[in-house]
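See below for the structure under consideration.
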Amino acid sequence: MIRYPKASANFAALAAALFCAATATAGQQNPGQGPAAAAAAAPAVSVSHAAQQPADENNNSDESVSAQDEVKLTGKFAALARAKGLDKDPRVKQAIAMFTDKILADAYKDYFMRQITPSEAEISAYYNKHKSDYNLYSLSHILVKFEKDPSNLPAEQAKKIEAQAFNKAQAIEARLKAGADFHELAAQLSDDANSRIDGGRVPETMARFLAPAFKPEILAAKQGDITPPLKSSFGYHIIMVEGVVPSDMARNRADVINDIREGKLAEKQISLTSSK
């Protein structure tokens, strides 16, 4: 099924577009900057990062406003915009059309996928071809983060940052080889605050969702094996394979059907892209 973005993200993007359009009307925006560019210039919202942050019971910021209140507030601001005639502004009209098309496109994708009912033969054939992709992995990891993002640094400085993290990861690896307990070291040394509190354990993951940088090593590992330091954009990871649950047709049936549907949707997208 299509996963619609959270309302707050949509409202933030729309608000950015409307704000830029309004300021353009008042002569505060460069004439050549359209709503799409203005929205792109607005700070990006990282939903996945936000979801990983621990709850703050004392959070009294605007972020604590309920979704229902946010909808009401957005409606009131929209009414004020209409009262000022901002809905007639060409930039605002363009932004509204853009968001309308996006919502309609997502609605059609959802409709398209719901119309697909794979046969039992299709389901069985797809599952047998991709069976290993549905294996469920229990993993723990120790993350050694880069002090700075190497991609934003000059080459020599980036190499130095990466080398520092790699050397630290190698030192941890040496302690593990000498018999140190993986979960104890993860709790003490991992830079991943979310998994560190549970000894480095991360949520179970199907093989198909494993990061490409880690996948070959993890698939080749046996239960209890520990990988060497593996590089990602965040730093170096040392991963322990806690266990593997083999795929099961009954358990993974819904996943298989959804993957078949997504494959059909991808074919539709290619067809539309190539058509004139």
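The values are calculated or read from the model by the stated rules, or taken from the named source; none is laboratory data. Remember, predicted model here, so these are calculated numbers, not experimental data. Every residue, glycine as well, gets a Cβ built from its backbone with ideal geometry; the counts of neighbours run over all protein chains shown.
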Which ones in segment 111-145 are of a type outside the set (A, V, I, L, M, F, W, C), surrounded by 15 or more Cβ atoms within 10 Å (Cβ to Cβ) and assigned to a helix (DSSP H, G or I)? Tyr126, Tyr127, Lys131, Asp133, Tyr134
Answer from Lys76, Lys102 - the residue that is under 30 Å from Arg261 (Cα atoms), part of a helix (DSSP H, G or I) and of a type outside the set (S, T, N, Q): Lys102
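Can you find even one residue in segment 254-266 that is over 29 Å from Met113 (Cβ atoms) and of a type outside the set (S, T, N, Q)? Even if it seems obvious, please write down each step before you answer.
Step one: of segment 254-266, the residues over 29 Å from Met113 (Cβ atoms) are none.
No, segment 254-266 contains no residue that is over 29 Å from Met113 (Cβ atoms) and of a type outside the set (S, T, N, Q).
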So, of the residues in segment 169-226 that are among the basic types (Lys, Arg) and either under 30 Å from Tyr134 (Cβ atoms) or in contact with a helix residue (DSSP H, G or I) (Cβ under 6 Å, 6 or more places away or on another chain) (or both), which turns out to be surrounded by the most Cβ atoms within 10 Å (Cβ to Cβ)? Arg196
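One line per residue, one yes/no per condition, for (1) surrounded by 14 or more Cβ atoms within 10 Å (Cβ to Cβ); (2) in the same structural domain as Gln269 (by TED's automatic domain parsing); (3) under 24 Å from the mean Cα position of the chain (by Cα):
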position	(1), (2), (3)
Leu73	no, no, no
Ala79	no, no, no
Asp89	yes, no, no
Ile96	yes, no, no
Glu147	no, no, yes
Ala155	no, no, no
Ala158	yes, no, no
When you scan segment 250-257, do you find a residue that is free of Cβ contacts under 8 Å to residues at least 24 places away in the same chain and surrounded by 14 or more Cβ atoms within 10 Å (Cβ to Cβ), even just one? no
Asn194: passes all of (1) farther than 16 Å from Leu136 by Cβ; (2) over 21 Å from the mean Cα position of the chain (by Cα) but (2)
